[in-house]
Amino acid sequence: MSDTFKVGKWEFTSRLMVGTGKYASNEEMVAALEASGAEVVTVAVRRVELDKTKESLLDHIDLDKYTLLPNTAACFTADDAIRTCMLAREALETDLVKLEVLGDEKTLFPDNEATLEAARFLVKEGFTVMPYTSDDPIMARKLEDLGCAAVMPLAAPIGSGLGIRNPYNIKIILENANVPVIVDAGVGTASDAAVAMELGCDGVLMNTGIAGAKDPVKMARAMNLAVEAGRLAYHSGRIAKKLYATASSPLTGLID
(Lines give C-alpha, C1' and ligand atoms only; values in the text may rest on other atoms or scores of the structure.)
Protein backbone atom coordinates (compact mmCIF):
# COMPACT_ATOMS: atom_id res chain seq x y z
CA MET A 1 0.00 0.00 0.00
CA SER A 2 1.33 3.42 -0.95
CA ASP A 3 -1.10 5.54 1.09
CA THR A 4 -0.21 6.53 4.63
CA PHE A 5 -2.05 7.88 7.64
CA LYS A 6 -0.96 10.08 10.50
CA VAL A 7 -1.55 9.94 14.23
CA GLY A 8 -0.24 13.15 15.70
CA LYS A 9 3.33 13.57 14.46
CA TRP A 10 3.65 9.89 13.55
CA GLU A 11 3.05 8.66 10.01
CA PHE A 12 2.50 5.01 9.13
CA THR A 13 2.21 2.89 6.01
CA SER A 14 0.94 -0.32 7.59
CA ARG A 15 -2.61 -0.03 8.84
CA LEU A 16 -2.35 -3.08 11.06
CA MET A 17 -1.31 -2.53 14.67
CA VAL A 18 -0.58 -5.54 16.85
CA GLY A 19 -0.17 -6.43 20.48
CA THR A 20 2.54 -8.40 22.26
CA GLY A 21 0.61 -10.42 24.83
CA LYS A 22 -0.53 -14.05 25.02
CA TYR A 23 2.15 -15.60 22.81
CA ALA A 24 3.60 -18.99 23.73
CA SER A 25 7.12 -17.58 23.57
CA ASN A 26 9.02 -14.43 22.74
CA GLU A 27 10.33 -16.13 19.61
CA GLU A 28 6.78 -16.77 18.40
CA MET A 29 5.87 -13.16 19.11
CA VAL A 30 8.83 -11.87 17.10
CA ALA A 31 7.93 -14.09 14.15
CA ALA A 32 4.29 -13.00 14.27
CA LEU A 33 5.24 -9.31 14.40
CA GLU A 34 7.39 -9.81 11.32
CA ALA A 35 4.65 -11.67 9.45
CA SER A 36 2.06 -9.01 10.30
CA GLY A 37 3.95 -6.25 8.53
CA ALA A 38 2.92 -3.95 11.38
CA GLU A 39 4.83 -0.80 12.25
CA VAL A 40 3.06 -0.12 15.55
CA VAL A 41 3.37 -2.57 18.44
CA THR A 42 1.42 -2.19 21.67
CA VAL A 43 2.83 -3.04 25.08
CA ALA A 44 0.88 -3.18 28.33
CA VAL A 45 2.93 -0.93 30.59
CA ARG A 46 1.67 -2.55 33.78
CA ARG A 47 2.62 -6.02 32.56
CA VAL A 48 6.19 -5.54 31.32
CA GLU A 49 9.47 -5.11 33.16
CA LEU A 50 10.58 -1.51 32.59
CA ASP A 51 13.76 -1.83 34.63
CA LYS A 52 16.39 -1.86 31.89
CA THR A 53 18.79 -3.86 34.06
CA LYS A 54 16.45 -6.87 33.93
CA GLU A 55 15.24 -9.02 31.04
CA SER A 56 12.03 -7.71 29.55
CA LEU A 57 9.63 -8.24 26.71
CA LEU A 58 11.08 -5.05 25.27
CA ASP A 59 14.42 -6.82 24.77
CA HIS A 60 12.78 -8.83 22.00
CA ILE A 61 11.26 -5.90 20.08
CA ASP A 62 13.38 -4.12 17.49
CA LEU A 63 12.82 -0.48 18.41
CA ASP A 64 14.51 0.65 15.19
CA LYS A 65 11.79 -1.16 13.26
CA TYR A 66 8.67 -0.77 15.39
CA THR A 67 6.97 2.20 17.01
CA LEU A 68 5.97 1.38 20.56
CA LEU A 69 2.41 2.16 21.61
CA PRO A 70 2.25 1.85 25.40
CA ASN A 71 -1.24 1.03 26.63
CA THR A 72 -2.99 1.29 29.95
CA ALA A 73 -4.47 -2.22 29.93
CA ALA A 74 -5.80 -3.35 33.34
CA CYS A 75 -6.51 0.20 34.49
CA PHE A 76 -9.97 0.65 35.99
CA THR A 77 -9.76 4.30 37.08
CA ALA A 78 -8.74 7.51 35.37
CA ASP A 79 -6.03 8.07 37.99
CA ASP A 80 -4.47 4.66 37.35
CA ALA A 81 -4.47 5.24 33.60
CA ILE A 82 -2.90 8.68 33.98
CA ARG A 83 -0.15 7.36 36.26
CA THR A 84 0.54 4.53 33.83
CA CYS A 85 0.90 6.97 30.93
CA MET A 86 3.25 9.13 32.95
CA LEU A 87 5.36 6.06 33.72
CA ALA A 88 5.37 5.09 30.04
CA ARG A 89 6.56 8.51 28.97
CA GLU A 90 9.37 8.44 31.50
CA ALA A 91 10.50 4.86 30.88
CA LEU A 92 9.87 4.51 27.16
CA GLU A 93 10.45 8.11 26.10
CA THR A 94 7.27 8.48 24.07
CA ASP A 95 4.18 10.66 24.25
CA LEU A 96 2.17 8.22 22.12
CA VAL A 97 -0.24 6.21 24.29
CA LYS A 98 -3.24 3.97 23.91
CA LEU A 99 -5.68 4.91 26.66
CA GLU A 100 -7.81 2.16 28.18
CA VAL A 101 -9.97 2.75 31.24
CA LEU A 102 -12.08 -0.35 31.80
CA GLY A 103 -15.49 -0.42 33.43
CA ASP A 104 -15.55 -3.95 34.85
CA GLU A 105 -13.54 -7.16 34.77
CA LYS A 106 -16.22 -9.33 33.16
CA THR A 107 -16.95 -7.42 29.95
CA LEU A 108 -13.82 -5.22 29.78
CA PHE A 109 -16.01 -2.55 28.24
CA PRO A 110 -14.58 0.97 28.58
CA ASP A 111 -15.71 3.32 31.31
CA ASN A 112 -16.72 6.29 29.19
CA GLU A 113 -16.73 8.90 31.92
CA ALA A 114 -13.33 7.85 33.26
CA THR A 115 -11.93 7.66 29.72
CA LEU A 116 -13.00 11.24 29.05
CA GLU A 117 -11.51 12.38 32.35
CA ALA A 118 -8.18 10.73 31.67
CA ALA A 119 -8.07 11.85 28.03
CA ARG A 120 -8.72 15.47 29.00
CA PHE A 121 -5.79 15.46 31.42
CA LEU A 122 -3.38 13.60 29.14
CA VAL A 123 -4.04 15.84 26.13
CA LYS A 124 -3.33 18.89 28.27
CA GLU A 125 -0.08 17.24 29.37
CA GLY A 126 1.06 16.90 25.77
CA PHE A 127 0.34 13.23 25.17
CA THR A 128 -0.78 11.91 21.78
CA VAL A 129 -3.81 9.99 22.97
CA MET A 130 -5.40 7.06 21.15
CA PRO A 131 -8.39 6.06 23.30
CA TYR A 132 -10.12 2.68 23.33
CA THR A 133 -13.82 3.44 23.39
CA SER A 134 -17.26 1.96 22.85
CA ASP A 135 -18.75 2.14 19.36
CA ASP A 136 -20.82 5.15 20.42
CA PRO A 137 -20.58 7.99 17.86
CA ILE A 138 -21.23 10.61 20.54
CA MET A 139 -18.40 9.31 22.68
CA ALA A 140 -16.09 9.28 19.67
CA ARG A 141 -16.97 12.89 18.93
CA LYS A 142 -16.35 13.96 22.53
CA LEU A 143 -12.92 12.32 22.54
CA GLU A 144 -12.01 14.03 19.28
CA ASP A 145 -13.24 17.37 20.62
CA LEU A 146 -10.93 16.94 23.63
CA GLY A 147 -7.97 16.70 21.27
CA CYS A 148 -7.40 12.95 20.97
CA ALA A 149 -5.29 12.11 17.93
CA ALA A 150 -7.46 9.11 16.96
CA VAL A 151 -10.50 7.22 18.19
CA MET A 152 -10.49 3.46 18.64
CA PRO A 153 -14.00 2.03 18.82
CA LEU A 154 -14.32 -1.62 19.75
CA ALA A 155 -15.56 -4.13 17.20
CA ALA A 156 -16.67 -6.44 20.00
CA PRO A 157 -15.55 -7.20 23.57
CA ILE A 158 -11.79 -7.60 24.05
CA GLY A 159 -10.62 -11.08 23.11
CA SER A 160 -14.08 -12.24 22.03
CA GLY A 161 -13.28 -12.78 18.33
CA LEU A 162 -16.85 -11.83 17.42
CA GLY A 163 -15.90 -9.33 14.71
CA ILE A 164 -17.72 -6.06 14.12
CA ARG A 165 -21.08 -6.33 15.88
CA ASN A 166 -22.40 -2.93 14.86
CA PRO A 167 -21.03 -1.77 11.51
CA TYR A 168 -23.65 0.96 11.33
CA ASN A 169 -22.27 2.76 14.38
CA ILE A 170 -18.77 2.44 12.95
CA LYS A 171 -20.03 4.02 9.73
CA ILE A 172 -21.52 6.96 11.65
CA ILE A 173 -18.25 7.45 13.53
CA LEU A 174 -16.37 7.42 10.22
CA GLU A 175 -18.74 9.94 8.63
CA ASN A 176 -18.17 12.46 11.40
CA ALA A 177 -14.56 11.91 12.48
CA ASN A 178 -11.74 14.23 11.49
CA VAL A 179 -9.09 12.01 13.07
CA PRO A 180 -8.12 8.41 12.24
CA VAL A 181 -10.63 5.75 13.23
CA ILE A 182 -8.94 2.50 14.24
CA VAL A 183 -11.06 -0.52 15.11
CA ASP A 184 -9.81 -2.08 18.33
CA ALA A 185 -10.82 -5.31 20.10
CA GLY A 186 -12.93 -8.25 19.01
CA VAL A 187 -11.31 -9.10 15.67
CA GLY A 188 -11.18 -12.87 15.35
CA THR A 189 -10.07 -13.69 11.83
CA ALA A 190 -8.96 -12.15 8.57
CA SER A 191 -12.46 -11.47 7.26
CA ASP A 192 -13.20 -9.33 10.35
CA ALA A 193 -10.19 -7.16 9.59
CA ALA A 194 -11.18 -6.87 5.94
CA VAL A 195 -14.70 -5.75 6.88
CA ALA A 196 -13.31 -3.00 9.11
CA MET A 197 -11.14 -1.70 6.30
CA GLU A 198 -13.92 -1.98 3.71
CA LEU A 199 -16.04 0.28 5.92
CA GLY A 200 -13.31 2.92 5.57
CA CYS A 201 -11.49 2.56 8.87
CA ASP A 202 -7.95 3.89 8.91
CA GLY A 203 -6.58 0.87 10.68
CA VAL A 204 -7.15 -2.16 12.90
CA LEU A 205 -5.50 -3.03 16.20
CA MET A 206 -5.51 -6.61 17.45
CA ASN A 207 -3.76 -9.01 19.78
CA THR A 208 -5.78 -12.11 20.69
CA GLY A 209 -6.94 -12.69 17.11
CA ILE A 210 -3.31 -13.38 16.20
CA ALA A 211 -1.72 -14.61 19.42
CA GLY A 212 -4.63 -16.91 20.22
CA ALA A 213 -4.70 -18.61 16.82
CA LYS A 214 -3.45 -22.18 16.44
CA ASP A 215 -0.69 -20.81 14.20
CA PRO A 216 -0.11 -17.17 15.20
CA VAL A 217 2.51 -16.55 12.52
CA LYS A 218 0.23 -17.68 9.70
CA MET A 219 -2.67 -15.72 11.17
CA ALA A 220 -0.50 -12.61 11.38
CA ARG A 221 0.25 -12.94 7.68
CA ALA A 222 -3.46 -13.47 6.97
CA MET A 223 -4.37 -10.32 8.91
CA ASN A 224 -1.74 -8.37 7.02
CA LEU A 225 -3.22 -9.43 3.68
CA ALA A 226 -6.79 -8.85 4.89
CA VAL A 227 -6.09 -5.28 5.96
CA GLU A 228 -4.46 -4.56 2.62
CA ALA A 229 -7.29 -6.22 0.68
CA GLY A 230 -9.95 -4.38 2.66
CA ARG A 231 -8.24 -1.05 2.09
CA LEU A 232 -7.98 -1.72 -1.67
CA ALA A 233 -11.63 -2.76 -1.79
CA TYR A 234 -12.66 0.44 0.02
CA HIS A 235 -10.82 2.58 -2.50
CA SER A 236 -12.10 0.51 -5.43
CA GLY A 237 -15.75 1.29 -4.74
CA ARG A 238 -17.91 -1.79 -4.39
CA ILE A 239 -20.97 -2.41 -6.57
CA ALA A 240 -24.37 -1.49 -5.19
CA LYS A 241 -26.33 -4.23 -3.48
CA LYS A 242 -29.46 -5.33 -5.36
CA LEU A 243 -32.32 -7.63 -4.48
CA TYR A 244 -32.41 -9.33 -7.88
CA ALA A 245 -29.86 -10.62 -10.32
CA THR A 246 -28.10 -8.55 -12.97
CA ALA A 247 -26.67 -10.54 -15.85
CA SER A 248 -22.90 -10.47 -16.09
CA SER A 249 -23.22 -10.72 -19.88
CA PRO A 250 -26.32 -8.69 -20.79
CA LEU A 251 -27.98 -9.13 -24.17
CA THR A 252 -28.81 -5.45 -24.60
CA GLY A 253 -26.76 -3.61 -27.19
CA LEU A 254 -25.80 -6.70 -29.14
CA ILE A 255 -25.94 -6.48 -32.95
CA ASP A 256 -28.34 -8.93 -34.60
Do me a favour and compute the ellipsoid semi-axes for segment 43-140 from its Cα gyration tensor, root of five times each eigenvalue, largest one first, whole Å. 24, 14, 12
For the chain, what is the percent of antiparallel DSSP beta bridges, rounded to the nearest 5? 15 percent
I'd like the carbon and sulfur percentage of the solvent accessible area for segment 104-256, probe radius 1.4 Å, heavy atoms only, ligands and nucleic acids excluded. 53 percent
What does the charge count near A156 come to, summing +1 for each Lys or Arg and -1 for each Asp or Glu among other residues with Cβ under 10 Å from its Cβ? -1
How large is the helix-only mean residue ellipticity at 222 nm for the chain, computed as the sum of -39500 (n - 2.57) over DSSP H runs with n ≥ 4, divided by its residue count, in deg cm²/dmol to the nearest 500? -11500 deg cm²/dmol
Alpha carbon Rg of the chain, scaled by the compact-globule rule 2.2 N^0.38 Å: 1.07
Over the Cα atoms of segment 94-171, compute the convex hull volume and normalise it per residue, giving Å³. 90 Å³
Across K142/K171; K106/K214; K9/K171; K65/K218; K54/K106, pairs whose alpha-carbon gap is larger than 23 Å: K106/K214; K9/K171; K54/K106
Surface accessible to a 1.4 Å probe, per residue, for the residues of the chain, Å²: 51 Å²
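The values are calculated or read from the model by the stated rules, or taken from the named source; none is laboratory data. Here the structure is a predicted model, which is why all the values come from computation and not from measurement. Neighbour counts run over all protein chains shown; Cβ positions are idealised from the backbone, glycine included. All accessible areas refer to the heavy atoms of the entire protein, side chains included, with ligands and DNA or RNA removed. Shrake-Rupley method; radii C 1.70, N 1.55, O 1.52, S 1.80 Å.
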